[in-house]
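Right, one structure below, let's go through it.
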Ligand SMILES: Nc1nc2c(ncn2[C@@H]2O[C@H](COP(=O)(O)OP(=O)(O)OP(=O)(O)O)[C@@H](O)[C@H]2O)c(=O)[nH]1
Ligand SMILES: [Mg+2]
């Protein structure tokens, strides 16, 4: 009888904006070129993810676990992996929410213990943005962000410094230095993470869940999905670019620090995704910047920032009013993440 293949599940953690999705999509390209089938599971506190749309736009089979982090939605993660079986994936990447910690104890180890027939769990990779690491190390980052960041570092089975194509190098001992944008170091990391040489979930944290909940709740969260019927045809870049600029300007004027602001706009002619991980940062958009102008668009905004959810919502709604045409909101959620309550620990 033919033995059924068990896909490898590769969890890629790291703070909001570290570059997890970009790395997963680059890794998917590398593995596809090696003849492997790749899928991804994205995760968020709410539905309507830019990351899922971005993965889909790049033809990566993607599932979404929404309404809580993987630890609180452990069964949904297992179900999502199960649904992907019809695509017969060799590798499934899973991206936990960027504010999530204690993944080793609440996700990696329970998956290994309870689901080894369905999945081979790879070591937990944690990706670090050198710019945020520098802010944490010299005290410029807030206490809550620093708390989450340091815990994520602590539980990494494999620690990677990302974005090595941009900015100063990270002054920290890491296993790999890579760039998801250029692909530098990605093959080496993949070879290690898929080799089965390292133990998955070897580093277990001791977490004070009261402190963890407080740190996560310091961030305001907003997810929006809207349909646009423009008065005059515009390309996705002509919608997403000015919108991102306006949101950045308004958030900065309100004194709200951006952790990660992502905009995805799609029409029949193509898509554009642009995001910034700080105020006043110039975005480097992905997608089809020269797509033809169209009147019907689908717009998704994901904003994580150190501000009141009501303030985030008011700023986003004001920006939508400046879009020249009719905006139909299909989903909007603005909240602070609820206290984590893992299914397994
Ligand atoms: N220069 C450079 N930029 C990168 C690289 N990887 C990601 N980025 C940029 O960093 C930003 C965040 O990248 P994402 O991949 O969305 O980060 P993430 O960790 O998935 O973010 P969340 O889903 O919000 O937690 C985007 O604007 C990316 O284009 C890289 O290797 N080099
Ligand atoms: Mg992401």
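Readers should treat all values here as calculations from the given coordinates under stated rules, not as data from a laboratory. Predicted, not measured: the structure shown is a model, and the values here were computed from it. Here the Cβ positions follow ideal geometry from the backbone for every residue, glycine too, while neighbour counts run over all protein chains shown.
The table below gives the values:
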quantity	calculated
Potential lengthening between residue 292 and residue 86 on full extension [0.36 nm per residue; Cα-Cα distance subtracted]	70.7 nm
Inter-part distance where the stretch 176-207 and the stretch 79-141 are each reduced to a Cα centre, Å	11
Residue 331 paired with residue 173, simple spin-label distance in nm, labels 7 Å along Cα-to-beta-carbon	4.3
Highest-fluctuation residue, 36, 247, 159 considered, GNM on the chain with Cα pairs under 10 Å	36
With Cα atoms, 0 to 90° folded angle of helix 143-154 axis to the chain main axis	30
Equivalent ellipsoid dimensions for the chain as semi-axes, Å, which come from the Cα gyration tensor, largest first	31, 24, 19
Of 271, 209, 147, the one that fluctuates the most in a GNM where the chain has Cα springs shorter than 10 Å	209
Cβ-derived FRET efficiency at R0 35 Å, residue 254 paired with residue 113, nearest 0.05	0.15
With Cα atoms, 0 to 90° folded angle of helix 186-195 axis to the chain main axis	40
Residue exposure sequence - 292, 44, 157, 90 - by fewest surrounding Cβ within 10 Å	292, 90, 157, 44
MRE, 222 nm, helices only [DSSP H, n ≥ 4, -39500 (n - 2.57), over the chain, to nearest 500]	-9500 deg cm²/dmol
For the stretch 73-136, fraction of C-alpha pairs farther apart than 19 Å, in %	39
GNM result for the chain, Cα springs below 10 Å: residue of 32, 179, 99 fluctuating most strongly	32
Protection proxy ranking, peptides 324-335, 48-59, average beta carbon neighbours within 10 Å, highest first	48-59, 324-335
